[in-house]
Amino acid sequence: MSTTRGLEGVVATTSSVSSIIDDVLTYQGFDIDDLADNATFEEVIYLLWNGHLPKENELNELTKDLAANMDVPKEIFDFMKQYPIEKVHPMAALRTAVSQLGLYDDEADEMNEEANKRKAVKIQAQIPAIVTGFSRIREGKEPIAPKADLGFAANFLYMLNGEEPDETSITAFNKALVLHADHELNASTFTARVCVATLSDIYSGVTSAIGALKGPLHGGANEKVMAMLSEIGEPDKAEDYIKKAMANKEKIMGFGHRVYKQGDPRAKHLRDMSERLTKVTGETKWYDMSLKVEEVVTNEKGLLPNVDFYSASVYHSLGIDHDLFTPIFATSRASGWLAHILEQYSDNRLIRPRADYVGPDKQKYVPMDQR
Ligand SMILES: CC(=O)SCCNC(=O)CCNC(=O)[C@H](O)C(C)(C)COP(=O)(O)OP(=O)(O)OC[C@H]1O[C@@H](n2cnc3c(N)ncnc32)[C@H](O)[C@@H]1OP(=O)(O)O
Ligand SMILES: O=C([O-])CC(=O)C(=O)O
């Protein structure tokens, strides 16, 4: 049997949700550059789930459905209050809470298209309330109920901070959500598809995807990028820091990609946003430092920034706690996971690859007292 480490280059399924061809990312055939400049996140959710951009009435319907399903069962927040909260990473809290959501949904195990679509709406609507609710509970505050008249991006920031956000923040946050929504067969999406291909339920699929996104080689990298920038401290310290890290064979978080060879098309949007937002906050050092890090890593190693690199300084500039960066990624990527889960159910076959056995051979059981 021949193997490919990390399944590199293996085509594991067909999909019409998103594509990466010659370094161009599309959602349902729409170039990400086009969507990033023009679409709301709600439009992207609709597009990923239905295959076409919504007409006005279709978008209104989805927006109404999301607003009607944003309230999280009280038991979930009550349980959060019992977590050893100062030790709990928000991604672990999100993973636990999404799993728990399934307990309070009477149709959690109902396996038909309509029920699965209803559950997709509930999960997409409730994740922002869970992420922001956790953030408030650990600050000793009560979660804030969403406002039905705010859009998805604005509601997230409102529930996080308790104040309606300004237009600059809403536009930036919306664009970040659009850029993170889907990405072909990335590790967390693959995880979701493997899970539901056993005909397990949609809550299990999203819970397992959250677990996969949490890792620092995947979505967890954005938080690590900010930790690295904070450690560097000033732009003129970036070169030494990066050269030392590379000499020690450390991975530089936010660089490299399994699929893109000429660069991640999402990074330029986030770079621009980082430049603009750091000017607004007056903390341009985060952008300057990021640029310097990019210059050194690219010159020394030929590695280019991925989506996680500039999203760090973007979220920081929006005043967001660093350990919420990956849950925000999950808030957006849930739309992609759910699209892939629905696609998997619609034409399912168990996903079960093989392993090339390289362990010992012809072993004989040895009784305990003879080992
Ligand atoms: C949303 C996302 O998931 S985007 C990715 C987020 N993750 C990160 O930013 C973490 C840092 N990046 C990485 O670890 C990798 O580039 C990955 C995980 C994204 C891709 O991994 P792979 O395709 O498996 O590449 P792999 O890890 O085998 O790297 C190939 C070579 O490039 C080097 N390399 C790759 N990325 C980096 C990096 N960020 N810093 C330093 N060296 C790197 C590896 O050390 C390896 O070198 P070697 O051949 O001398 O051993
Ligand atoms: O596709 C990948 O391997 C990782 C990635 O960039 C994403 O999930 O957005």
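Among residues of region 201-217 being farther than 19 Å from GLU114 by Cα and in a helix (DSSP H, G or I), the one that is farthest from ligand 2 (Cβ to nearest atom) is THR207. Of all the criteria given as (1) away from ligand 1 (no atom under 15 Å from the Cβ); (2) farther than 23 Å from SER99 by Cβ; (3) hydroxyl-bearing (Ser, Thr, Tyr), the one not satisfied by TYR260 is (1). Within region 258-282, the set of residues being assigned to a loop (DSSP other than H, G, I, E, B) and either closer than 16 Å to VAL293 by Cβ or more than 12 Å from ligand 2 (Cβ to nearest atom) (or both) comprises LYS261, GLN262, GLY263, ASP264, GLY282.
Each row is one residue, and each column tells you yes or no for (1) under 18 Å from the mean Cα position of the chain (by Cα); (2) buried (at least 23 other Cβ atoms within 10 Å of the Cβ); (3) more than 13 Å from ligand 2 (Cβ to nearest atom).
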site	(1), (2), (3)
GLU167	no, no, yes
ALA176	yes, yes, no
LEU179	yes, yes, no
ASP182	yes, yes, no
ALA187	yes, no, no
VAL196	no, yes, yes
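Screening ALA339 against (1) under 22 Å from GLU223 (Cβ atoms); (2) in contact with a helix residue (DSSP H, G or I) (Cβ under 6 Å, 6 or more places away or on another chain); (3) in the same structural domain as GLU43 (by TED's automatic domain parsing) leaves a single unmet condition, (1).
List every residue pair whose Cβ atoms sit under 8 Å apart, with the two residues 6 or more apart in sequence or on different chains, where the first one lies in region 84-106 and is farther than 19 Å from PHE325 by Cβ and the second, anywhere, is among the acidic types (Asp, Glu) and assigned to a helix (DSSP H, G or I). Close Cβ pairs satisfying both conditions: GLN100/GLU75; TYR104/GLU75.
Yes/no matrix, rows are residues, columns are (1) among the aliphatic types (A, V, I, L, M); (2) assigned to a helix (DSSP H, G or I):
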residue	(1), (2)
ALA97	yes, yes
ALA115	yes, yes
ALA120	yes, yes
ASP149	no, no
THR168	no, yes
VAL178	yes, yes
HIS183	no, no
SER188	no, yes
LEU199	yes, no
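Among the residues of region 134-146, some residue qualifies, meaning at least one is surrounded by 24 or more Cβ atoms within 10 Å (Cβ to Cβ), out of contact with any strand residue (DSSP E or B) (no Cβ under 8 Å at 6 or more places or on another chain) and under 29 Å from ASN306 (Cβ atoms).
Residue-wise test of (1) surrounded by 13 or more Cβ atoms within 10 Å (Cβ to Cβ); (2) modelled with pLDDT under 95.
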position	(1), (2)
SER15	yes, no
LYS55	no, no
ALA68	no, yes
HIS89	yes, no
ALA97	yes, no
GLU110	yes, no
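Within region 283-309, if we keep just the residues that are away from ligand 2 (no atom under 16 Å from the Cβ) and of a type in the set (A, V, I, L, M), the residue that is farthest from ILE21 (Cα to Cα) turns out to be MET289.
If only residues of region 213-228 that are over 16 Å from SER274 (Cα atoms) and charged (D, E, K, R) are counted, the one that is nearest to ligand 1 (Cβ to nearest atom) is LYS224.
The values are calculated or read from the model by the stated rules, or taken from the named source; none is laboratory data. Since the model is a prediction, treat every value here as computed from it, not as a measurement. Please note: Cβ atoms are built from the backbone with ideal geometry, for glycine as well, and neighbour counts cover all protein chains shown.
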